[in-house]
Amino acid sequence: MRVAVLRFPGANCDQDGLHALRDDVGVEAEYLWHEETSLAGFDAVFVPGGFTYGDYLRCGAIASRAPVMDAVADAARGGMPVIGVCNGFQVLCEAGLLPGALLGNAGRRFVCRDVWLRAENRASIWTAGADRPVRMPIAHGEGRYVCDEETLRALHEEDRIAFRYVDAAGCPTEAANPNGSIDNIAGVLDAGGNVLGLMPHPERATKALLGSTDGLFILDGLRLVAARR
């Protein structure tokens, strides 16, 4: 399993992703510059967080039109595992690989703290291991997930809500929702279940030294895919 960690101008979480994948998950990972047009030699994609292109226009809007994203879209449609974290989630939504959009937090403030998540879908590679509420950090100013009623209904009917914000007991309360996301949604899947976007940072929760290893419940999905090959 060789994972492409995309690098965009302004992104600042690509190093976190690279070292978490290499050192803690135990898969190969290499940087891939945003101007590349091929994913040849890679088996999965990690779209990191940060502030790509300074978050001009809309968060992730410019990065979603980078040359590498055409290759990511083709690979995702072919079933390649793709995960977008924080700004990476915004990029995947702007690219049309995931439904909905991410807007400014309801409190109009940047939020940086740990949150609890509950896996709603348990069938995807990203969610199968999360059999209890998991804790990991968030750090965003525009993480409020929104979508129209038709899209929300489809997400429910097709079991594509990956994670919800919950309290430590696993209840999706208003107080547990850090940004006002609709239906407490923290992450969603594409129709095939191979593309995941989420605002919390699993790559920052892979060592006890960091305060939690719960991010491995998500990222270990890549190791499982590799083991099946």
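Numbers at a glance
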| quantity | calculated |
| --- | --- |
| Check on GLY60, over 15 Å from ASN194 (Cβ atoms) and surrounded by 15 or more Cβ atoms within 10 Å (Cβ to Cβ) | yes |
| Matching option when the condition is aromatic (Phe, Trp, Tyr), under 13 Å from ARG135 (Cα atoms) and crowded, with 24+ Cβ neighbours inside 10 Å, among PHE163, PHE217 | PHE163 |
| Matching strands (runs of 3 or more DSSP E) fully within segment 141-229 where at least 3 residues are over 15 Å from PHE89 (Cβ atoms) | none |
| Residues satisfying the stated conditions in segment 27-54, i.e. modelled with pLDDT of 95 or more and out of contact with any strand residue (DSSP E or B) (no Cβ under 8 Å at 6 or more places or on another chain) | GLU35, GLU36, THR37, SER38, ALA40 |
| Selection from segment 55-88 of residues that are within 11 Å of the chain's Cα centre (by Cα) and either closer than 14 Å to PHE8 by Cβ or basic (Lys, Arg) (or both) | GLY84, VAL85, CYS86, ASN87, GLY88 |
| Residues (aliphatic (A, V, I, L, M) and either in contact with an Asp or Glu (Cβ under 9 Å, 6 or more places away or on another chain) or outside any strand (DSSP E or B) (or both)) located in segment 119-139 | ALA119, ALA123, ILE125, ALA128, ALA130, VAL134, MET136, ILE138 |
| Flag if THR151 is surrounded by fewer than 18 Cβ atoms within 10 Å (Cβ to Cβ), closer than 21 Å to ASP24 by Cβ, at pLDDT 95 or above and hydroxyl-bearing (Ser, Thr, Tyr) | no |
| Residue list for segment 26-62, restricted to those being within 19 Å of HIS201 (Cα to Cα) and of a type in the set (A, V, I, L, M, F, W, C) | VAL27, ALA29, ALA44, VAL45, PHE46, VAL47, PHE51, CYS59 |
| CYS93 being modelled with pLDDT of 95 or more, part of a helix (DSSP H, G or I) and under 17 Å from the mean Cα position of the chain (by Cα) | yes |
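The values are calculated or read from the model by the stated rules, or taken from the named source; none is laboratory data. The structure presented is a predicted model; accordingly, all values stated were derived computationally and were not measured. All Cβ positions, even for glycine, are placed from backbone atoms using ideal geometry, and neighbour counts span all protein chains on display.
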